[in-house]
Amino acid sequence: MAKGLDAQARQGYALIAPPFLYALLILAAPLLTILAYSFMTDGYLEVVRDFTLTNYVQVWTDPIVRTVMLRSLMVSALVTLVTVLLAFPVAYYVSFLVRPERKSLWLFLITIPFWTSYLIRVFLWKVILGYNGVINSTLTGLGIIDEPLTFILYNVNSIVITLAHAYAPFAILPIFVALEKIDRALLEAGRDLGESRAMTFWRVTLPLAMPGVLAAVLIVFIPTIGDYVTPELIGGGKIPMIANLIQVQMLALDNRPLGAALAVTAMAIVALVSIVFLLINRRFLKVRS
Amino acid sequence: MTDDRKPMIECRGVHKHYGDYHALRGIDLTIRAGEFFSLLGPSGCGKTTLLRTIAGFEDISDGAILIDERRMEEVPANKRPTNMVFQSYAIFPHLTVAQNVAFGLRRDPRGKAEKAALVDDALAMVGLRGFGNRAAHALSGGQRQRVALARALILKPKVLLLDEPLSALDRKMREQMQVELIKLQRQVGITFVLVTHDQEEALVMSDRIAVMFEGEIAQLDGPEALYARPASRRVADFIGVMNFLPARILGETDGTVTAEVPGLGPVELPARQVSRANPDDDGPTIGFRPETMTLVGPTQTHSQPRETNATIDEVVYYGDMTYYDLRLDGAAAMDGKARPVRISMRNVFGRDVQEVGTRTRLAWSPGSLVLFR
């Protein structure tokens, strides 16, 4: 028996070896390079291989970095909140109210935004939200407002709107899957045991959908915190997020060690937040057999 | 089983349409308080639909349902005095056993300690004392079923609805739960309405059974009446094994029918032994259960009024029982078709299992026959 398992294990390892090596090369090597850079000294046009903690000291004491980091966290938290709150009703509708034979059509429609590049979608939001954009010209044309609204472009609101739209499908799908897995008899049982539809949702549907909601939170939160394009375009470059700061250090200022230290710091913060969510999720996941 | 108990559930001309599909076709039914009532039928006969309309999960298209003399049309499922044990048990996977059982007690004004005691009592009643803190997903099928029972019964409903509750259990567990359910029902005195496709289960457990086909009640009777005097050939076919032989009606006086049965000879059957045939049957048919006739050895005597000679074609040994397929002498006389009949004999001590090809005598009584015409 043990021998057979060994052979099976060997076979398994042999199977995953090529992608594992590939992942090591493509993923781990750059990460390790960045980590190594973050402890090196910046020279003129080169990176000097002298070990130092100066970069981290600078990152952790610079008030600008702190402001941008907090803004990034705040923006992605807001984006996550908005996205998940908007995604839940959509996922609920598709799972509970759409006829089974229509569900795949709905999922297909939800993925339509992905048919075009992220960059183009962000540009389109600029067109919609801009000073002379769709919203403003419509509203002024209808005489509802006299002057174009300025609070919808080049600020945090517009970044949140754009990112929430971009990541909506990523939030809808995991929540949809979690809702689909709920045995409908459980909802009838909730009603049968005397609870109204609203209370049944609160006591049965929502707790059982939580793994999907938490997955959606992670899937939206992690990439948005590092988003570079939207703050650059929609924020007009005036409200940078952490990725923009890294870009400036890495390319514009050619201070790769400092940029690396910023990147590692951001990664550590994201990792920390993710671990917290994973721990919460374990509470919900363990009840599933 | 007495008729003087007050009605708990009344269905009056209940119809249910799903688009073009007519699932319930005028159900008239009274279920009495404290009764163990079964809805029995093949899948798609509407029995589950009927149960779900009583529970309030389905609206009815026409007619009325009354529970405890109150009309239920406007009463949503969560306000009805019924609780259900679901086929899949529907145990909440995110809650412990105790939380599952206490689910319906949220709005109960009693204190926490009192509710905890209620939960303990309910769990003890279904034989799960001390299981309260277990995670629901860690339970076996039988245990889930018990949790579902405790969760429903703790609310002291007027009616407990059971939707094929035993179909997911293995045979031994199922037989054990059947007995436990009967005991539990007697103990709590609540009206039980059971939906099942298993005729044996219905016979074992019920005070009365409604056999349903295609959205209609084909027969409503106690288990013994249902088994011994099925109202139609279809019911007879559905419940247990029944042998069928063609018959020729010779005459009828005051409801007593005289018929000629090839292999059995002429018989006189009083009205209570005459039932409806299926519309698509070819002519009148005599039916009898395998255990109502007895194989008798050449030297044995018997007390049955009639006897017929036969040849054993097939022997199927079941341990406690042996089934014999017999060819009755003269059975093919009417139209040349050989109609084997199946007889079951209990393998009591001293009775040998007969061999294939043996000539034998079959002792029987006209009282055990049913005529479908």
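The values are calculated or read from the model by the stated rules, or taken from the named source; none is laboratory data. Small disclaimer: the values here were computed from a predicted structure and weren't measured. So basically every Cβ, Gly included, is an ideal-geometry build from the backbone, and we count neighbours across all protein chains shown. All accessible areas refer to the heavy atoms of the entire protein, side chains included, with ligands and DNA or RNA removed. Shrake-Rupley method; radii C 1.70, N 1.55, O 1.52, S 1.80 Å.
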**Prompt:** Of A:100, A:75, A:36, whose Cα points farthest to the positive end of the dipole of the stretch A:1-155 (charges on the beta-carbon: +1 Lys, Arg; -1 Asp, Glu; origin at the Cα centre)?
**Reply:** A:100
**Request:** Take each of the peptides B:129-137, B:34-42, A:261-269, average the number of other beta-carbon atoms within 10 Å over its residues, and list them starting from the highest.
**Result:** B:34-42, A:261-269, B:129-137
**Asked** What is the average number of partner chain Cβ atoms found within 10 Å of a Cβ in B:103-110?
**Response** 3
**Item:** chain B: relative contact order in percent, alpha carbon pairs under 8 Å with at least 6 residues between
**Value:** 15 percent
**Item:** Accessible surface of chain B [probe 1.4 Å, protein heavy atoms]: carbon and sulfur percent
**Value:** 47 percent
**Request:** Can you tell me the alpha carbon radius of gyration of the stretch A:132-289 divided by the globular rule-of-thumb value 2.2 N^0.38 Å?
**Result:** 1.44
**Prompt:** Taking the Cβ of residue B:256 as the center, what net charge do the other residues with Cβ under 15 Å away carry, scoring Lys and Arg +1 and Asp and Glu -1?
**Reply:** -2
**Asked** Which value in nm describes the separation of the simple spin-label points at residue A:35 and residue B:113, placed 7 Å from the Cα toward the beta carbon?
**Response** 5.7 nm
**Message:** Computing the accessible area with a 1.4 Å probe over protein heavy atoms, can you report the carbon and sulfur percentage for the stretch A:227-285?
**Reply:** 72 percent
**Message:** Straight-line reach from residue A:103: which lysines fall under 21 Å, measuring Cα to Cα and dropping same-chain residues less than 8 apart?
**Reply:** A:181
**For the protein assembly as shown, the fraction of alpha-carbon pairs in successive 20 Å shells from zero, as %** = 14, 30, 27, 18, 9, 2, 0
**Prompt:** Accessible area per residue, 1.4 Å probe, Å², for the stretch A:56-287: what's the number?
**Reply:** 49 Å²
**Item:** Tilt relative to chain B, helix B:141-153 - C-alpha long axis, 0 to 90 degrees, to 10
**Value:** 60 degrees
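Listed highest first by mean packing, meaning other Cβ atoms within 10 Å per residue, what order do A:52-59, A:89-96 come in?
Final packing ranking: A:89-96, A:52-59.
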**Message:** In Å², and per residue, what accessible area does the stretch B:288-372 have when probed at 1.4 Å with the other protein chains present?
**Reply:** 54 Å²
**Message:** Quick check on packing: order A:143-151, B:209-217 by the mean number of other C-beta atoms within 10 Å, highest mean leading.
**Reply:** B:209-217, A:143-151
**Kirkwood Rh, angstrom, chain B [1 / mean 1/r, Cα pairs]** = 23.4 Å
**Prompt:** Residues with beta-carbon under 14 Å from that of residue B:314, excluding residue B:314: net charge, scoring Lys, Arg +1 and Asp, Glu -1?
**Reply:** 0
**Cβ-based charge dipole, the stretch B:7-228, positive-most Cα from B:127, B:17, B:117** = B:117
**Request:** Report, in debye and to the nearest 20, how large the dipole of the stretch B:288-372 comes out about its Cα centre when Lys and Arg carry +1 and Asp and Glu carry -1 on their Cβ.
**Result:** 200 debye
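What's the local net charge at residue B:187, with K and R +1, D and E -1, over the other residues with C-beta under 13 Å away?
With Lys, Arg at +1 and Asp, Glu at -1, the neighbours total +1.
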**Message:** Let me confirm one metric for peptide A:205-217, namely the mean number of other chain beta-carbon atoms within 10 Å of its residues' beta-carbons.
**Reply:** 1
**Request:** Enter the buried accessible area of the A/B pair, total of both sides, probe 1.4 Å, in Å² rounded to the nearest 100.
**Result:** 2000 Å²
**Request:** Summarise the partner chain shielding of B:73-80 as one whole number: the mean count of Cβ atoms from other chains within 10 Å of each residue's Cβ.
**Result:** 3
**Fill in**
Checked the stretch A:210-265 with the C-alpha gyration tensor, a ≥ b ≥ c its square-rooted eigenvalues, rounded below a/c of 1.5, otherwise prolate if a/b is larger than b/c and oblate if not; verdict oblate
**Complete:** Long-range alpha-carbon pairs in chain A, meaning those over 24 Å apart, account in percent for 65 percent
**Prompt:** aspartates and glutamates near residue A:126 by alpha-carbon distance under 14 Å, same-chain residues fewer than 8 away left out - which ones?
**Reply:** A:232
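Given Cβ point charges of +1 (Lys, Arg) and -1 (Asp, Glu) and nothing else, what value in debye, to the nearest 20, does the dipole of the stretch B:86-164 about its Cα centre take?
With Lys and Arg at +1 and Asp and Glu at -1, about 200 debye.
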**Message:** Can you work out the Karplus-derived ³J(HN,Hα) for every residue in the stretch B:360-373? Use 6.51 cos²θ - 1.76 cosθ + 1.60 with θ = phi - 60°, whole Hz, and x for glycine or proline.
**Reply:** 8, 10, 10, 9, 7, 10, x, x, 8, 8, 10, 9, 9, 9
**Message:** List the lysines whose Cα sits under 23 Å from the Cα of residue B:158, skipping any in the same chain fewer than 8 residues away.
**Reply:** B:6, B:47, B:79, B:115, B:183
**Request:** Return the carbon/sulfur percentage of the accessible area of the stretch A:1-130, one whole number, probe 1.4 Å, all protein chains in place.
**Result:** 74 percent
**Asked** Efficiency by 1/(1 + (r/R0)^6): what FRET value for residue A:142 and residue A:93, r their Cβ-Cβ distance, R0 = 41 Å, to the nearest 0.05?
**Response** 0.85
**Request:** Pick out, from B:159, B:145, B:85, the residue whose Cα sits farthest towards the positive end of the charge dipole of the stretch B:75-175, with +1 on the Cβ of Lys and Arg and -1 on the Cβ of Asp and Glu.
**Result:** B:159
**Item:** Accessible surface, per residue, of the stretch B:7-228 when the full set of protein chains is kept, probe 1.4 Å, Å²
**Value:** 41 Å²
